[in-house]
Amino acid sequence: MVFGVQPTPTAVKLRRLFYMAHFIHSHIAHFYALASPDFVMGPDADPAERNILGVIGKVGLEVGGEVIKHRAYAQQIQAMLGGKATHPAWTLPGGVSKGLNEEERKEIEEMAKSCVEFAKFSLKLFEDVVLKNQGYVDLILSDGYKLVTNYMGLVNDKNQVDFYDGKVRVVDHEGKELFKYSPVEYVNYIAEHVEPYSYLKYPYIKERGWQGFVEGPGTPIYQAAPLGRLNAADSMATPLAQEAYEKYLETLGGKPVHHILATHWARLIELMQAAEQLLELAQDPEITSDDIINIPTGTPNEGVGILEAPRGTLTHHYKTDENGIVVKANLIVGTTNNNAPITMAIKKAAESVIKPGQEITQGVLNMVEMAFRAYDPCFSCATHAILGELPLKMYVYDSKGELYKVLSRD
Amino acid sequence: MLAEAKIRILGCGNIIAGDDGVGVEVLHELQKRTLPAGVELVEAGAPGLGMLDLMYGARKVIIVDAVADGGPAGRVIRWREAELPKKTSRAVSVHDISIRDALAFGRKSVPAMMPDEIVVIGITVERMEKWHMGLSPAVVEAVPAAVEAVMKEIERWVGQDRRD
């Protein structure tokens, strides 16, 4: 802790409540807008139809309405607490700047109940659209979308999935615990490899040393985000999410799950946990207490904070001067953890769908993109201009190493 | 609450990505003005699908955003929803959808909760480098014109309201 002060119990609960709303907002967007078109419309459907508009055309306009409504709920909860949903200036060292009154609590409780129902619906939709289609189940279980690595996720003291606090647990390719560390210990366990062609580093398990992009026993590569979290934990923290988790493991052959397309299912199980925890917190008698901050009195110095971002374990390490001005910072953000796995997953998917003599179509490009998309990577989103570029291209080389074709999503 | 404003102005962009932050800068200038009741200014970040959450329940919406079309820097463009270029069908990021798709999704799924009218005020950018704060001179010069363009829309809508 940079400021040497712990938030009050109510402040922790309010921060958790805010964060569950954030998780719900993010996970709904990924599943419905990005993942579901591949399954509802089909991986090789016309790109003009393989989008959220195609999805609602097929599963019903009312589903689109529910998507927008629940994302708006999540945004409203964040705005209620943080003043604004985007870039809220609400969390302070030792607590938060604003609490909840009873009227707001009741409003959140109603929205949370609705989110739980929507999470149930989403899991059912996954079952109906994906699991009841043997072709999709085979695709999920296929070798082209399987990557055998270690897994990382934050867990509570019962080794249950925790999005907000706890210890980072890393398990090996067979699901055995390798180590568990507190945020401040992260440098003892995780190191980052640098390649000259990218500004994004490749984190790996320090004690194993960088061995290149290799999977299997002994690899130092680990995966974070929903698949990593569900593999690294022993169980979910809420009853309905746990029920869904058991079905997930039973269907996919037990832990650890190495099938990267199963990440979409894992994401919905997490949506369930976030919604259940949002409701639990909204019904907690302590949530409306006005004891929301411990004023820091010490001199700021250094601290490490870790939580689970929707896209993976997020580590922030800051060192400050005596005025609290940051003089040194190191961040390992969600997507960065998955940098090596994403690279490897794309290669495997490409090798599985591009065959000699085969025509390279938009469908093939999408099958490769599906490996990338499973990680919900946070690339190319730092700018937002209308007509801006999204530089996602596939270069296909022939067996002689000569460029054969370039495909993009234009 | 997000659902209460009649007219909502969404200032989009990232202030640490050079000219990409021009939408937010326009919003900051609008904050210095006295605006009619029922007008809400929202710092929107870089939303795609999230655009819908921010306009849910509003009657009129103005989106102020950077435009990277290779045109002269500082040009202020006004688009009505139907006039949004097709090229915006490209996603803003790999984990989001385009503004055009988002609006079409909203119009189909929750027509009653979508604004009656959406106007986009775009400002053509010069450079959008990451980790750079501040706008290039031509874009700075365009901010007052973009503010006036937004004010004109607000006045038009408030005038309509009075006549209704």
> Against the longest principal axis of chain A, how steep is helix A:339-353, in degrees 0 to 90 to the nearest 10, with axes from Cα atoms?
Replying inline: 30
>> Relative contact order for chain A: what percent, with Cα pairs under 8 Å and sequence separation of 6 or more?
In response: 22
>> Going Cα to Cα from A:LYS405, which lysines come in below 17 Å? Please leave out same-chain ones fewer than 8 positions away.
In response: A:LYS347, A:LYS355, A:LYS393
>> Taking beta carbons within 10 Å but only from partner chains, what does the mean come to for residues A:101-110?
In response: 0
> What residue among B:GLY45, B:ALA102, B:THR124 has its Cα farthest toward the positive end of the dipole of the stretch B:7-159, where the charges are +1 on Lys, Arg and -1 on Asp, Glu, each on the Cβ?
Replying inline: B:ALA102
> All other residues with a Cβ under 12 Å from the Cβ of A:GLY363 taken together, and with Lys, Arg as +1 and Asp, Glu as -1, what is their net charge?
Replying inline: -4
> In whole Hz, what ³J(HN,Hα) sequence does the stretch A:325-332 give by Karplus (6.51, -1.76, 1.60; θ = phi - 60°), x for Gly and Pro?
Replying inline: 7, 5, 10, 8, 9, 9, 10, 10
> How big is the gap, in Å, between the Cα center of the stretch B:117-164 and the Cα center of the stretch A:174-201?
Replying inline: 44
> Pairing the Cα long axis of helix A:9-29 with the longest principal axis of chain A, what angle in degrees results, from 0 to 90 and rounded to the nearest 10?
Replying inline: 20
>> Counting only other chains, and only Cβ atoms inside 10 Å, what mean value do you get across the residues of A:369-377?
In response: 1
>> If I fit a long axis through the Cα atoms of helix A:102-126 and take the longest principal axis of the Cα atoms of chain A, what angle between them do I get, 0 to 90°, rounded to 10?
In response: 20
> Among A:394-405, A:58-69, how do they line up from the highest to the lowest mean number of other beta-carbon atoms within 10 Å?
Replying inline: A:58-69, A:394-405
> To the nearest 500 deg cm²/dmol, what mean residue ellipticity at 222 nm is calculated for the protein assembly as shown from DSSP H runs of n ≥ 4 alone, each contributing -39,500 (n - 2.57), summed and divided by the residues?
Replying inline: -12000 deg cm²/dmol
> So what are the ³J(HN,Hα) numbers for the stretch A:183-189, from phi and the Karplus equation (6.51, -1.76, 1.60; θ = phi - 60°), rounded to whole Hz, Gly and Pro as x?
Replying inline: x, 5, 8, 4, 5, 6, 10
> What ranking do A:HIS27, A:HIS22 get, fewest neighbouring Cβ atoms within 10 angstrom at the top?
Replying inline: A:HIS22, A:HIS27
> Which whole number gives the average count of other chain Cβ atoms within 10 Å of the Cβ atoms across peptide B:101-112?
Replying inline: 5
>> Quick check: net charge around A:GLU62, other residues with Cβ under 12 Å of its Cβ, Lys/Arg +1 and Asp/Glu -1?
In response: +1
>> Based only on other Cβ atoms within 10 Å, what is the fewest-to-most ordering of A:LYS348, A:LYS393?
In response: A:LYS393, A:LYS348
> For the cross-link pairs A:LYS13/A:LYS255; A:LYS98/A:LYS120; A:LYS132/A:LYS247; A:LYS113/A:LYS167; A:LYS180/A:LYS319; A:LYS113/B:LYS60, which exceed 20 Å when the distance is taken from alpha carbon to alpha carbon?
Replying inline: A:LYS13/A:LYS255; A:LYS98/A:LYS120; A:LYS113/A:LYS167; A:LYS180/A:LYS319; A:LYS113/B:LYS60
>> Please compute the contact order of the stretch B:7-159 in relative form: average sequence separation of alpha-carbon pairs under 8 Å and at least six residues apart, divided by the residue count, as a percent.
In response: 35
> How big is the gap, in Å, between the Cα center of the stretch A:1-49 and the Cα center of the stretch A:224-283?
Replying inline: 13
> Once the other residues with Cβ under 14 Å from the Cβ of A:ASN301 are scored (Lys, Arg +1; Asp, Glu -1), what is the net sum?
Replying inline: -1
>> Using a Förster radius of 35 Å, what is the FRET efficiency between A:LEU131 and B:ARG33 based on their Cβ-Cβ separation? Nearest 0.05, please.
In response: 0.05
> Is the shape of chain B rounded, prolate or oblate, going by the alpha carbon gyration tensor and its root eigenvalues a ≥ b ≥ c, with a/c under 1.5 for rounded and a/b larger than b/c for prolate?
Replying inline: oblate
> Each residue of the stretch A:197-210 in turn: what ³J(HN,Hα) in whole Hz from Karplus with 6.51, -1.76, 1.60 and θ = phi - 60°, glycine and Pro shown as x?
Replying inline: 8, 9, 7, 8, 7, 10, x, 7, 6, 4, 5, 8, x, 5
> Convex hull over the Cα atoms of chain A, averaged projected area in nm²?
Replying inline: 20.9
> How many percent of DSSP beta bridges within the protein assembly as shown run antiparallel, rounded to 5?
Replying inline: 65
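Quick note: the coordinates plus some simple rules give every number you see, no bench work behind them. Predicted model only: the values in this text are computed from it and were never measured. When we count neighbours, we look across all protein chains shown, and the Cβ atoms used for this are built from the backbone with ideal geometry, even at glycine.
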